[in-house]
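Notes for the one structure printed next.
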Amino acid sequence: MREKFIEFRNVSFRYGDNEPWVLKNVSFDIYKDEWVAIIGHNGSGKSTIAKLMNGLLYPQEGEIIINGLPVNDKHVWEIRKFVGMVFQNPDNQFVGTTVQDDVAFGMENRGVPREEMILRIEEVLKAVRMEEYRLTEPHRLSGGQKQRAAIAGVLAIKPEVLILDEATAMLDPRGRKEIMQTVAEIQQQSEISLITITHDLQEVVKAERVIVMNNGKVWDEAKPREIFAKKDELRKIGLDVPFVAVLADELIQNGIMIKNEPLDHDEILEELWTLHSKM
Amino acid sequence: MNNAIIIGQYVPGNSLVHRLDPRMKITIIFLFVIFVFFANNVLSYSILTSFAIITTAITKIPFRFILKGLTPVWFLIIFTFLLHLIVTKEGIILFDILGFKVYSGALIQGFAISLRFFLLILITSLLTLTTTPIEITDAIEDILHPLKKIKFPVHELALMMSISLRFIPTLLQETDKISKAQASRGVDFRTGPIRDRIKAVVPLLVPLFVSAFKRAEELAMAMEARGYQGGEGRTKLRELKIRKLDIYVFLVFLLVIAGMFYTRNY
């Protein structure tokens, strides 16, 4: 059994006393070194969860415990040392005038000595494949490159958990692919918990576990394959079902027996070309 | 995307002047600006002029480029010269144009003042031409550092400056985008009476301000998430270092100034 890293215990949150509840009695655990995707339509409370994990917001009810510390005013700076976060808008989280300055920002805040900063910048820029852009200004970078720089900046502080709060939402398909690839590599290479928050089902494929949010409540919590199988219900709560899943459904309806719910193009191809050999 | 945006008028290069510590450059320029007013004869002026011209030559920035950059100032320089020609009445009368007498003292005085003016502008523009805005920001932070004792927010000021510098190109791109979006809806920025054109700026400024505020809010949140707690206990990646080179250059400068003072009494 893996160690619990983040615990949400009956958490409720609203933005003001007369506002509706954004999160209602939410409980879940996230373990060390795990990749969890949190998915939900707009306004389902998924981004609020991200902000609660970093102490940018505090819940009105319930408790959040990260690495053994409750999230409150006393521990918030301690917690931010091991919770790294990448936001949606690539431009509005880029603080430095060059990539290297931006990557250094988090380390400067924590008082990392300069010699070590230089080493770590080198290291993390390699991890996100941005070595050549060390001295480039933000307005000469694409959205995907800016997000990769943001990921590098977070990795530089050696966090134990990396939260991507819709980090791909404002990117074109190519940038989106770049980010998902980078993130998957990082997850494999280092012992880091990864939480990706998204409304795009396509992005949950590689996660180990998916938490589906609907109207401020945990609607379901399962493996991606199990989630994909519930197409009709997903549609009902406003999520787009990926093409592969729809195709698999149609095939089954037309009498082609697909046993495993396919997650991507390769898997469905595998199913199809081995179809006859199985019989 | 517009990639041709240059902040300020910095010309990239790797000359001696480019590599100098920005604090050293600011100090030298500051002193130069003061000492220009001490020059009082042909020799002392020519020492300062040679210093300025040699420095300019070292930067390897084409002289024509610098002169072009000074175009708006030429008018002032010539105006100063003419004013002196008319007002000063010293020395002997050189010539007489339509009953208007030009004195020798006026000619010398006008020339000296214009030269002084030209030197001031040339040398100060070299600072922005050879130093990136972020280097200037760092230098200012460092120079103002002693003011921290009287609770002057030096770090905050420098951070604000560097963030504004970082967002100038972003906001320019955004302005461009909004003006195209509004033009496609029929807003006319270029023709018509001035009053209409000023009015046309409103639908440009309002979305720009709204988005700038939104950016500021998100940026503040991102900075907080990344552990920003103000200047206390912060380390810095960009480092300013006075090297031997800087000291040599400063010594050369002191020699020039000494030479200028020596020739004052000739």
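The values are calculated or read from the model by the stated rules, or taken from the named source; none is laboratory data. In this text the structure is predicted, and so the values were computed from the model without any measurement. As a convention, Cβ positions derive from the backbone with ideal geometry for all residues, glycine included, and neighbour counts pool all protein chains shown.
The figures follow:
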item: Of all residues in region A:25-55 being touching a helix residue (DSSP H, G or I) at 6+ places or on another chain (Cβ under 6 Å) and assigned to a loop (DSSP other than H, G, I, E, B), the one that is nearest to A:F87 (Cα to Cα); result: A:N54
item: Candidates A:E185, A:E132, A:E160, filtered to the one that is in the same structural domain as A:Q88 (by TED's automatic domain parsing) and modelled with pLDDT under 90; result: A:E185
item: Pairs where the first residue, in region B:98-111, is free of Cβ contacts under 8 Å to residues at least 60 places away in the same chain and the second is of a type in the set (G, A, S) and surrounded by fewer than 18 Cβ atoms within 10 Å (Cβ to Cβ), C-beta under 7 Å, 6+ apart; result: B:Y103/B:G91; B:S104/B:G91; B:G105/B:G91
item: Selection status of B:L67, crowded, with 16+ Cβ neighbours inside 10 Å, within 17 Å of the chain's Cα centre (by Cα) and in a helix (DSSP H, G or I); result: no
item: One residue from B:K236, B:K244, B:K214 being among the basic types (K, R) and either away from chain A (no Cβ under 14 Å) or more than 17 Å from B:I163 (Cα to Cα) (or both); result: B:K244
item: Where a residue in region B:54-71 is within 16 Å of B:P12 (Cα to Cα) and its partner, wherever it lies, is part of a helix (DSSP H, G or I), with Cβ under 6 Å and at least six apart; result: B:I58/B:L16; B:I58/B:V17; B:T59/B:V17; B:T59/B:T130; B:I61/B:L129
item: A:D73 vs. criteria part of a loop (DSSP other than H, G, I, E, B) and more than 7 Å from chain B (Cβ to nearest Cβ); result: yes
item: Qualifying residue in region B:40-52 (condition: outside any helix (DSSP H, G or I), among the hydrophobic types (A, V, I, L, M, F, W, C), modelled with pLDDT of 90 or more and in the same structural domain as B:L245 (by TED's automatic domain parsing)); result: no
item: Region A:127-157, subset within 12 Å of chain B (Cβ to nearest Cβ) and part of a loop (DSSP other than H, G, I, E, B), residue surrounded by the fewest Cβ atoms within 10 Å (Cβ to Cβ); result: A:L135
item: Top-ranked residue in region B:217-233 [being facing chain A (nearest Cβ under 7 Å) and of a type outside the set (A, V, I, L, M); ranked as surrounded by the fewest Cβ atoms within 10 Å (Cβ to Cβ)]; result: B:G233
item: Among the residues listed as A:V103, A:V124, A:V183, the single one being touching a Leu at 6+ places or on another chain (Cβ under 8 Å), outside any strand (DSSP E or B), away from chain B (no Cβ under 14 Å) and not charged (D, E, K, R); result: A:V183
item: Region A:82-99, subset part of a helix (DSSP H, G or I) and within 7 Å of chain B (Cβ to nearest Cβ), residue surrounded by the fewest Cβ atoms within 10 Å (Cβ to Cβ); result: A:D91
item: Test: residue in region A:12-24 that is surrounded by fewer than 16 Cβ atoms within 10 Å (Cβ to Cβ), assigned to a strand (DSSP E or B) and modelled with pLDDT of 90 or more; result: yes
item: Selection within region A:37-75 - closer than 13 Å to A:I6 by Cα and touching a Pro at 6+ places or on another chain (Cβ under 9 Å); result: A:L52, A:E63, A:I64, A:V71
item: Answer residue from region B:106-159, given it is part of a helix (DSSP H, G or I) and among the polar types (S, T, N, Q) and is surrounded by the fewest Cβ atoms within 10 Å (Cβ to Cβ) among those; result: B:T124
item: Qualifying residue in region B:72-81 (condition: more than 15 Å from the chain's Cα centre (by Cα), of a type outside the set (A, V, I, L, M, F, W, C), over 13 Å from B:L126 (Cβ atoms) and in a helix (DSSP H, G or I)); result: yes
item: Matching option when the condition is surrounded by fewer than 11 Cβ atoms within 10 Å (Cβ to Cβ) and aliphatic (A, V, I, L, M), among B:V206, B:V201, B:V187, B:V210; result: B:V210
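Condition check ((1) modelled with pLDDT of 90 or more; (2) closer than 28 Å to A:W219 by Cα) across all residues:
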| site | (1), (2) |
| --- | --- |
| A:D29 | yes, yes |
| A:G45 | no, yes |
| A:K51 | yes, yes |
| A:M85 | yes, yes |
| A:Q100 | yes, no |
| A:A104 | yes, no |
| A:I118 | yes, no |
